[in-house]
1. Which of (1) part of a helix (DSSP H, G or I); (2) buried (at least 24 other Cβ atoms within 10 Å of the Cβ) does residue 517 not meet, given it meets every other one?
2. Among residues belonging to the stretch 399-429 that are in a loop (DSSP other than H, G, I, E, B) and within 16 Å of ligand 1 (Cβ to nearest atom), point out the one that is surrounded by the fewest Cβ atoms within 10 Å (Cβ to Cβ).
3. Given the condition within 16 Å of ligand 2 (Cβ to nearest atom), at pLDDT 85 or above and under 18 Å from the mean Cα position of the chain (by Cα), answer yes or no: does some residue in the stretch 334-355 qualify?
4. Can you tell me which of (1) surrounded by fewer than 24 Cβ atoms within 10 Å (Cβ to Cβ); (2) more than 22 Å from the chain's Cα centre (by Cα); (3) within 16 Å of ligand 1 (Cβ to nearest atom) is the one residue 507 doesn't meet?
5. Being modelled with pLDDT under 95 and either away from ligand 2 (no atom under 16 Å from the Cβ) or farther than 30 Å from residue 394 by Cα (or both): is that true of residue 270 here?
6. Pick from 86, 107: which is crowded, with 17+ Cβ neighbours inside 10 Å, in a helix (DSSP H, G or I) and out of contact with any strand residue (DSSP E or B) (no Cβ under 7 Å at 6 or more places or on another chain)?
7. Taking the conditions exactly as written (more than 25 Å from residue 286 (Cα to Cα), at pLDDT 95 or above and buried (at least 21 other Cβ atoms within 10 Å of the Cβ)), does residue 534 satisfy them or not?
8. Of the conditions (1) at pLDDT 95 or above; (2) assigned to a helix (DSSP H, G or I), residue 59 clears all except one; give me its number.
Ligand code: ZN
Ligand code: ZN
C-alpha cells in the first residue's frame, strides 16, 4: 500500500519502505515563491515540534523519538514556552496576503494553536491540578504495538523510555500544587492500566531475540517503572485522603473566566460560550415539541389502552421507555456492531452521499484497559504520518459490569440508538471523516484538528442518514433520533451549567434523566465526565449547528447547482479545520 504524497513535507521521513517520496521541485533561490517558503517553514516547525515533544509525534504517527520519555519539570516548561514564542514570532511575521487561502488558514491555525498552548501552560495550568495528565501508558502501548520498526528495535526503545519513568513520576509529584479530588481519583483508577501495559512489554520481550545485556537492561527498566508507579499510587492515595480531610482540593468547576477563554481557543466558533448555551436552550425546546408530537402519534401502538399522562416529559419518557426494551443481548453487542458497519458503508455509497475508501478497513475491538474510565465507545485512528495503520472502533465491553448496569446501557443503546451510535462513530461519522482528513493536502489541518469540526461532522452524519431515509423514516426512529440529538444539545447545556453556573449533581441528573430521557447509568457516566473534562462536551452541538448553517447557505447560494455529495466531499477535503475556516475556503 502506498501513502499518497500530497505535499513534499510529509514524505520520506523514517517511514521505511512504504512511502513513495515525491521529490520537491528544487526551487531556484531567486524564484522561491512565498508559497514554497511557507511550506518549508511549516516543515521546519513541525520537525522541531516532533523533536520537542516525542509523545505528540507518536500521536501523529512519528516514532523517531520513541526512546525518549520527556520529564515534565520546570526546565521542560521553559523549553516549551521558548518554542512557542519563537514560532509565534516567526509565523506572525509572515506576510499572509502573499499566500494562497489554503496556507493563510494553515498559518492562522498554527498561530491559534501556539496561543492556546501558551495559555494552557501559563493560565489553565492543568499540570498543577490534574494528576491524570501524567499517563505513560498510551505511548508505551503505541510503541509496543505499532510496526514502525522491527520488534527488537521497539523493545530497545521501550527499554530506554522505561529507564526514565522514576524521574518522570518524581517530576509529576513535584509539579502538582492543588489537585481536584476527581482527577486524583481518575489517576488512581488508571494506574492498573499502566501496570497492564508493563506486563505486556514483559511478555513480548520473552519471544524476541535480544542480547543478554539488552534483556537485563529491559528487566531493570520494568522493575524500576513498577516501583515508581507503586510510589506514585501511594502518593496519590495519601494526597486524596489529605484533600478529603482538609477540604482544600481545587474545585473541578472551571468558572466563567477560564471557561470562556478555553471555549474561544478550542471550539473556535466565533461566538461566546454563553451564546452557544442560549442557542442550545432554544434547540432543546424545538426538539421537545417534535418529540411530544411523535409520542402522541406512537402512543396507541406502543402503550395500548393506558391513559397518556398529562406531563410532557412523562408522556415522551413512557414511549421511549417501552421502545427501549427492544435491544440486543449483552453477548451480541459486538457482533451486531460488526454486522452493521458494511451495511452503513453500502448505504452511503449507493445513496450517493459520499465515496468510501475500500482500502481502509475498520477494526471493531474491546477498548484497551488503560483507556477506559471516561467514554463508552470511540474511534482510534492512525496519525497523519501513518495512514497505512489500522483504524479501531473501541467498544468498552460488558465484563465485570453488574447485570442491572448492563441492562441499563443496553436499553440506552437500544435497537434504534445502536444504529445511530454506529453512524456517529463509524460511517459516515468519525471513521469516514478521519480517512478523508488523512488524505487532506494540509498536514497542519490534520495534526491540529478542530474538535468541534470533528464532532460536528459526526452529529451532522446522523442527520444526513436520517434525511436519506436510513431506518425507514418511521416515527420510532424519529423519536429515538430526536432523543439522541437532545443528548447532544443537553451536553452543551450541562457543560456550561456545571462549569459556569454551578449546577449540582441532583439538578444535572434530573436534566439528563427526566428531561432528556437518559438511563441512570448513562446520566451518571455523563456527570462523571463533566467533572473530568470541560468545554469538550459543547463541541458536538457547536460544530453541528455551524455545519447545518453552512450547508443551507451553500444550497441557497447555488440553487439548482447544489449537489449534496459534492458538498460532503469538498467539506471533508480540507481536513479537520474549524467550520468557519472551511466555509471561507469553500466560498472562494
Ligand atoms: Zn432489556
Ligand atoms: Zn463523536
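The values are calculated or read from the model by the stated rules, or taken from the named source; none is laboratory data. Note that the structure is predicted; figures quoted are calculated from it, not measured. Note that we place each Cβ from the backbone using ideal geometry, even for glycine, and neighbour counts take in every protein chain shown.
1. The failed condition is (1).
2. Top of the filtered list is 402.
3. Among the residues of the stretch 334-355, not one is within 16 Å of ligand 2 (Cβ to nearest atom), at pLDDT 85 or above and under 18 Å from the mean Cα position of the chain (by Cα), which makes the answer no.
4. Single failed check for residue 507: (3).
5. yes
6. Result of the check over 86, 107: 107.
7. Judged against the criteria, residue 534 is a match.
8. Here residue 59 meets the rest and fails (1).
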